[in-house]
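A single structure is presented below for examination.
The values are calculated or read from the model by the stated rules, or taken from the named source; none is laboratory data. Because the structure is a prediction, the values reported are computed rather than measured. Note that we place each Cβ from the backbone using ideal geometry, even for glycine, and neighbour counts take in every protein chain shown. For the accessible areas, the whole protein counts, side chains as well, though only heavy atoms, and no ligand, DNA or RNA atoms are used. Shrake-Rupley method; radii C 1.70, N 1.55, O 1.52, S 1.80 Å.
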Amino acid sequence: MYEHDPQMNWRNNLRVQFIKGIYQLRKVLESLFEISERTQQPTHTYIDRILEKHLRVLKDLSHILYRVADRGDISCKQQRLFDKFLGELWHELDKARGNARLLESYASEDEINDGNHLRGLRQLDRQVLAAARRDMPVQIRRARKLMDRLMPLFEEILPLYRTNEVVVRTLYFSQDFFDKVLDRPSTVYFFDIIFPGKVGEGYDFLCQSLERSQHFDQAQEACEEAIRILSSQLHKSPYLDTFRQRLETLKEKQGSPSEIPSNSVTG
């Protein structure tokens, strides 16, 4: 258990913060890409907010978690590659931010007169602005491609948390947040990744953890959810009977003597 280890609690907080942030960043970058393709010129403020509010935090967290591998039983190379390419994503968006600022600040100005000694500077100025208009949408497309490559790489790293009760419970408790950023039921999505292809194993681990941490109401809800999901699968899960038995046990634990109706008749 990690609850009484300050160092582990601190690191788990970083892990949860990173998982939330990376999926939120993907959604934000999709919006940036759509704006860029539609208008060809997102504002400097918009790109700056993505970098400073979202990506800077993730870049710093990635250095802590993945530049030096988070755990040795998952490929260290994968984790370092992820950290490296997240840095490249930063640089692409940083270049796009610079071009957005250049275009907003100077594209409408024409302060260079036609004097012969300034004619070369005028031509260079036009070339710089033309390059900014040309390069910014390309940089945003590259950023989107990098994000598209980063997510599968990150999801190859996620199984390292399969024995981490704090991370698994937090993913479950944060399912409203993740449902929105993923546009799908997030608990099943994550369990299919963290416990590769074994959603039942994920729910079993979650329910045991919830019971150990005395979240009995949530354990009962998770059991009911697992039964509903596994019952809808084509092939019967070996965990289905386990969840049914556990649910009955949880209901018995939850019912105190004062909550059980008396069968005696008083006169």
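Scan the range 168-223 for residues that are open to solvent by 70 Å² or more (accessible area, probe 1.4 Å), without any contact (Cβ under 8 Å) to a residue 24 or more places away in the chain and part of a loop (DSSP other than H, G, I, E, B) and jot them down.
Across the range 168-223, the qualifying residues are 183, 184, 185, 198, 214.
Out of 186, 237, 232, I need the residue that is modelled with pLDDT of 95 or more and closer than 30 Å to residue 152 by Cα. Which one?
186
Would you confirm whether any residue within the range 144-155 is aromatic (Phe, Trp, Tyr), modelled with pLDDT under 95 and either assigned to a helix (DSSP H, G or I) or loosely packed, with under 14 Cβ neighbours inside 10 Å (or both)? Break it down stepwise before answering.
Of the range 144-155, the ones aromatic (Phe, Trp, Tyr) are 154.
Still in the list and also modelled with pLDDT under 95: none.
Scanning the range 144-155, I find no residue that is aromatic (Phe, Trp, Tyr), modelled with pLDDT under 95 and either assigned to a helix (DSSP H, G or I) or loosely packed, with under 14 Cβ neighbours inside 10 Å (or both), so the answer is no.
Only residues in the range 133-156 that are in contact (Cβ under 8 Å) with a residue 40 or more places away in the chain and under 26 Å from residue 78 (Cβ atoms) count as the first member; pair them with residues that are open to solvent by less than 70 Å² (accessible area, probe 1.4 Å) and β-branched (Val, Ile, Thr), Cβ under 7 angstrom, at least 6 apart or cross-chain, and list the lot.
The qualifying pairs are 154/22.
Next up: Testing residue 253 on (1) modelled with pLDDT under 95; (2) assigned to a helix (DSSP H, G or I); (3) within 28 Å of the chain's Cα centre (by Cα), one condition comes back false. Which one is that?
(3)
Filter the range 52-73 down to residues that are hydrophobic (A, V, I, L, M, F, W, C), open to solvent by 30 Å² or more (accessible area, probe 1.4 Å) and touching a residue at least 24 places away in the same chain (Cβ under 8 Å) and give me whichever is nearest to residue 144 (Cα to Cα).
Step by step, filter the range 52-73, then rank; the result is 57.
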